[in-house]
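Heads up, the thing below is written out as structure tokens.
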Amino acid sequence: MKEIVVVSGKGGTGKTSVAASLVVLAKRSVVADCDVDAADLHLVLEPRIKKTEDFTGGKSASIVPGRCSNCGKCYEICRFNAVIKDESKQPAYFIDHIACEGCGVCSCFCPEKAIDFKPSVNGRWFISDTRYGPMVHARLGIAQENSGKLVSLVRNQARMLAEKDNLSYIIVDGPPGIGCPVISSITGADAVLIVAEPTVSGAHDLERVAELAGHFKIPAFLCVNKYDLNPEVAENIEEKARAGGIAVIGRIRYDRTVTEAQIKGLPVVAFPDTAVAEDMRTVWENLEKKLNLNKQ
Ligand code: SF4
Ligand code: SF4
């Protein structure tokens, strides 16, 4: 089984569109949507949810009114200004759950033991069926953090499904950027496919993601999306990639079919006779070859 994570230095590069097509082309695969802050793979894979679970990624504090003596200690010591004072209420202190970072300090120092510090529900995760195989996805609650933990959970569930059903690939739609959720989505993977756009910032993004993949010693591959919008910059990006030991496995052209596919809620390769679908197939064939070479 091989786990391939599709990433990009920032959002809007077409990463999800590429990931959705790889899911179709990989055939015996499970897909994991790890872009938990802005999940949108479901828009083109139309999952039918089979199982829903709460995600309890952290803890949060709440004041038990009957026990609070209004001493104000929690208000004084909360570094995150999450304890709010309102003298028109009884008790005069309450906790803003969006601002609460779940550090637990108030609970430790409350003289009346009036602060409950319990696991909080930060989101939900799902196991679904799609036309192309099983899918694990998640939704982080509004203003919730711990997306790195949720990403790890989604990947673990996808791995378990792949093992149970003896599937050959796990295709991960990773979060954009290079932050904690991206690190959680690539550590231990077999390959990282970087989707870059042909812009100056695209070149910079490539460097950042490539550094990250290099740090974790994960083989990285590149495809430039919409390369024909700026072939010169696309070439520069590819040169940089090669110089950094990243194999260039294809280019994807700009094509209105991509937008049409999104509107219809389908992956691009569901329009097999188009040039952009051919580009996607080339990317997958090259990637598959490289992965099998790496195995030998
Ligand atoms: S520290 Fe405890 S008793 Fe004091 S105001 Fe806060 S919750 Fe109430
Ligand atoms: S748990 Fe930490 S962040 Fe939350 S209210 Fe208490 S002291 Fe503030």
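Bear in mind that the values in this text are calculations on the coordinates, not laboratory data. On a predicted model such as this, the values are computed, not experimentally measured, just so you know. In this analysis, Cβ positions are derived from the backbone assuming ideal geometry, glycine residues included, and neighbour counts consider all displayed protein chains.
For a 32 Å ceiling on Cα separation, which of these pairs sit above it: Lys10/Lys118; Lys2/Lys118; Lys10/Lys149; Lys10/Lys85; Lys51/Lys290; Lys51/Lys85? In this structure, Lys10/Lys118; Lys2/Lys118; Lys10/Lys85; Lys51/Lys290; Lys51/Lys85 exceed 32 Å between Cα atoms.
In the chain, Cα pairs under 8 Å separated by at least six residues give a relative contact order of 26 percent.
Since only Ala99, Tyr75, Val64 are under comparison, the one whose Cα sits farthest along the positive direction of the charge dipole of region 58-120, derived from C-beta charges on Lys, Arg, Asp and Glu, is Val64. Available extension along the chain between Gln90 and Glu239 is 47.1 nm, counting 0.36 nm per residue and deducting the alpha carbon span. Shape class for region 1-116: prolate, because the ratio a/c of the largest to smallest gyration tensor axis (alpha-carbon atoms, square roots of eigenvalues) is 1.5 or more and a/b beats b/c. For region 58-120, the Kirkwood hydrodynamic radius from C-alpha pairs, put into Stokes-Einstein at 25 °C and a viscosity of 0.890 mPa s, yields a diffusion coefficient of 216 µm² per second.
Phi angles of region 87-103 translate, via the Karplus equation with coefficients 6.51, -1.76, 1.60 and θ = phi - 60°, into HN-Hα couplings of 5, 7, 10, 10, x, 7, 10, 8, 10, 7, 5, 6, 7, 5, 8, x, 7 Hz per residue; Gly and Pro are given as x. Think of each Lys and Arg Cβ as +1 and each Asp and Glu Cβ as -1; about the Cα centre, that makes the dipole of region 1-131 roughly 420 debye. Per-residue 3J(HN,Hα) values for region 255-270, derived from phi via the Karplus relation 6.51 cos²θ - 1.76 cosθ + 1.60 with θ = phi - 60°, read 7, 5, 4, 4, 5, 4, 4, 4, 4, 7, x, 10, x, 4, 6, 6 Hz in sequence order (x marks Gly and Pro). For region 43-76, backbone nitrogen atoms closer than 17 Å to the point 7 Å from Phe109 Cα along Cα-to-C-beta are found at 61-63, 69-76.
Residues whose amide H comes within less than 5 Å of that of Ala247, counting only those at least five positions distant or on another chain, are Ala220, Leu222 (H built at 1.01 Å from N in the peptide plane).
Distance between the C-alpha centres of region 33-93 and region 4-20: 30 Å, rounded to the whole angstrom. Evaluating 6.51 cos²θ - 1.76 cosθ + 1.60 at θ = phi - 60° for every residue in region 36-51, the Karplus couplings come out as 6, 7, 9, 5, 9, 5, 4, 5, 9, 9, 6, x, 9, 5, 10, 8 Hz, glycine and proline recorded as x. A cut-off of 5 Å between modelled amide H atoms, ignoring neighbours fewer than 5 places along the same chain, links Lys59 with Ser120. Only sites in a loop by DSSP and with at most 13 other Cβ atoms within 10 Å count here; which GluC sites (Glu not before Pro) in region 32-107 make the cut? Answer by residue number: Glu87.
The label-point distance for Ile49 and Asp116, in a model that sets each label 7 Å from Cα toward Cβ, rounds to 2.4 nm. Distance between the modelled labels on Ser62 and Glu207, one decimal in nanometres: 4.8 nm (7 Å Cα→Cβ projection). Placing +1 on each Lys and Arg Cβ and -1 on each Asp and Glu Cβ, with no other charges, gives region 3-50 a dipole about its Cα centre of roughly 220 debye.
Rank Ala277, Ala261, Ala92 by mean-square fluctuation in a GNM of the chain with C-alpha springs under 10 angstrom and give only the top-ranked residue. Highest fluctuation among the options: Ala92.
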